[in-house]
Each structure stands twice: as C-alpha cells, then as structure tokens.
C-alpha cells in the first residue's frame, strides 16, 4: 500500500513538473525569443528553417498519393487473383469441388476489386472536398 501511494505521489509530482516546464517553454518561445540566423519563419512561437533540402510538397498530397498507390496495388493483386481463379475454373474439367472453389475465389476477388475502387474513390473525394486537391480520373 505504501509503494502504491508513493508511486501515485511520484506520478503527480512528475506531471506537475512537466506542466510547469511546458509552460516555461511556451512563454520563452512566444515572447521575446528571436529565431536564430538561417530561419526566417516563426509560426506560433516555433522557428522553421529554410533551405533544409526537404520537399515543399503538401503532406496531404503525399498522403493522398500514397493511399492511391496502395489501393492501386491492392486492386492489381485482386485482378491477378481473379484471372488466376478464372483459369482455375476453366481447368476444373467438370470437377464440381474445384469449380465451386474457383467460383468462391472469383467472388472474393471481385469483392476485393470493388473495395479497392471504393477506397480510392473515397480518399480522392475526401481530399478534394477537404483540401481542394484535383480528382484523378
């Protein structure tokens, strides 16, 4: 019981100390602190460096393109599986169990293609409505 109370007290003290430290940092960065040479932008008390070599592309555009690429790959894999299942159905040669397995495989591949298409459409629509990014056709 004593250990539990001391841990609770330690937690409270560390929480209080971190809040005080964050307040001090906020006051120092917001008032009277100038950015060092080489950085020209100060936004919300934080200095942002120029000429860092990083891309100037909007992160939302990067994320939207990444999600588009992932859904394209997912849809491509589903399309390859659909083709494979079509060949499996063709070569079942009247065997009902193989034909049923191929039909089930085709059903899930088609569902995968639909999900990939919907995911692409939803992410592009959200990007267009939220950020004004152009829709890709």
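Quick one: what pairs do we get from segment 122-133, first residue within 12 Å of residue 68 (Cα to Cα), second outside any helix (DSSP H, G or I) and modelled with pLDDT under 80, C-beta under 6 Å, 6+ apart or different chains?
124/135; 127/133
Applying the selection to segment 90-110, what residues are within 30 Å of residue 120 (Cα to Cα) and surrounded by fewer than 16 Cβ atoms within 10 Å (Cβ to Cβ)? Before the answer, list the steps.
First, pick out the residues of segment 90-110 that are within 30 Å of residue 120 (Cα to Cα): 101-110.
Across segment 90-110, the qualifying residues are 101, 103, 104, 107, 108, 110.
Among the residues of segment 34-41, are any surrounded by 14 or more Cβ atoms within 10 Å (Cβ to Cβ), modelled with pLDDT under 75, farther than 30 Å from residue 129 by Cβ and within 30 Å of the chain's Cα centre (by Cα)?
Taking every residue of segment 34-41 in turn, at least one turns out to be surrounded by 14 or more Cβ atoms within 10 Å (Cβ to Cβ), modelled with pLDDT under 75, farther than 30 Å from residue 129 by Cβ and within 30 Å of the chain's Cα centre (by Cα).
The values are calculated or read from the model by the stated rules, or taken from the named source; none is laboratory data. Fair warning: this is a prediction, and the values are worked out from it, not measured in the lab. Please note: Cβ atoms are built from the backbone with ideal geometry, for glycine as well, and neighbour counts cover all protein chains shown.
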